[in-house]
Amino acid sequence: MKTIKILYFLTVVCLVLNYSCVGYRNIERNVRDNNIFYSSHYPKIDIKINPDFKYIGKQERAKHIKYTYAPGGSKVEANTYTFCQIGDNKIVKKGVLIGFYRISQGYWLPDLFSNVKNKLDSGSVKIKGKSYQYAVNAAARFFPRDVKEAIYDRGYIISNCYLWKGLARTVTRTEDTKTYIYYFEDIAYGDIKYGCGQWQNATMLSDEQTVFLKEFIDRSEKNIQILGE
């Protein structure tokens, strides 16, 4: 009877923590046929990426971040999977970043894009029954350092400015893990040539920029398809 109670207690603990006894170490994440990204847990998801986007690889890093509204901070483990379409002169023209961030203590702020200033668009959307936050922004320093180094190691060139749309959500009950899905396009050397500084105020965009932004968002939804969880 005592053994049964212990097993029952351990089972309850696993369920409450939402770690499912499988554990983070047993998570399988890889890129399969037809450029489909697969994650077995946290979250369990299949994402179809435009087959024209080349898989650059997986980047891993750990860093310490300060809390926003309290003293102290926490260690964050980050894994990023990078896909790029290469244009003329080896410039990274378009692509996708899929990121998983796990915090060792504390929690993520409710606004998962709270660090993004001058959003061109933001809100929430349901995809395959799951709620995602989204944001659109232009950035001169879009790529994390390890992703940038991986791109340079392949002999490719990074543009001065990228327009991006990101989807994000937390994926555990304890909210210690969040996932991001970014679609990005070069806007410094592409069909439309505006500096990042001209994309910082959604109410001041030209008619040409407004049309381009709408078409960009449409392309983001065509180049990334969340197949289900």
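The values are calculated or read from the model by the stated rules, or taken from the named source; none is laboratory data. Keep in mind that what you see is a predicted model, and the values were worked out from it rather than measured. As a convention, Cβ positions derive from the backbone with ideal geometry for all residues, glycine included, and neighbour counts pool all protein chains shown.
Per-structure values
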| read-out | value |
| --- | --- |
| Residue list for region 68-113, restricted to those being among the small types (Gly, Ala, Ser) and either in contact with a Phe, Trp or Tyr (Cβ under 6 Å, 6 or more places away or on another chain) or modelled with pLDDT under 80 (or both) | Ala70, Gly72, Gly73, Ser74, Ala78, Gly95, Gly99, Ser104, Gly106 |
| Inter-residue pairs, beta-carbon under 8 Å, first exposed (fewer than 12 other Cβ atoms within 10 Å of the Cβ) and in region 212-227, second of a type outside the set (Val, Ile, Thr), 6+ apart | Lys222/Asn50 |
| Considering residues of region 177-212 that are polar (S, T, N, Q) and in a loop (DSSP other than H, G, I, E, B) only, the residue farthest from Ile158 (Cα to Cα) | Ser206 |
| Residues that are in a strand (DSSP E or B) and farther than 22 Å from Asp46 by Cβ, drawn from region 118-147 | Asp121, Ser122, Gly123, Ala135, Val136, Asn137, Ala138, Ala139 |
| Lone qualifier among Tyr189, Tyr152, Tyr182 - being out of contact with any Leu (no Cβ under 7 Å at 6 or more places or on another chain) and modelled with pLDDT of 95 or more | Tyr152 |
| Selection within region 146-160 - free of Cβ contacts under 8 Å to residues at least 60 places away in the same chain and surrounded by 20 or more Cβ atoms within 10 Å (Cβ to Cβ) | none |
| Selection from region 123-145 of residues that are buried (at least 16 other Cβ atoms within 10 Å of the Cβ) and either farther than 16 Å from Asn201 by Cα or hydroxyl-bearing (Ser, Thr, Tyr) (or both) | Ile127, Tyr132, Gln133, Tyr134, Phe142, Phe143, Pro144 |
| Check on Ile217, among the β-branched types (Val, Ile, Thr) and assigned to a strand (DSSP E or B) | no |
| Residue within region 161-173 that is surrounded by fewer than 17 Cβ atoms within 10 Å (Cβ to Cβ), in a strand (DSSP E or B) and modelled with pLDDT of 95 or more present | no |
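Let's see how each residue does on (1) closer than 16 Å to Tyr182 by Cα; (2) buried (at least 17 other Cβ atoms within 10 Å of the Cβ); (3) hydrophobic (A, V, I, L, M, F, W, C):
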residue	(1), (2), (3)
Asp88	no, no, no
Gly95	yes, yes, no
Ser104	no, no, no
Leu112	yes, yes, yes
Asp121	yes, no, no
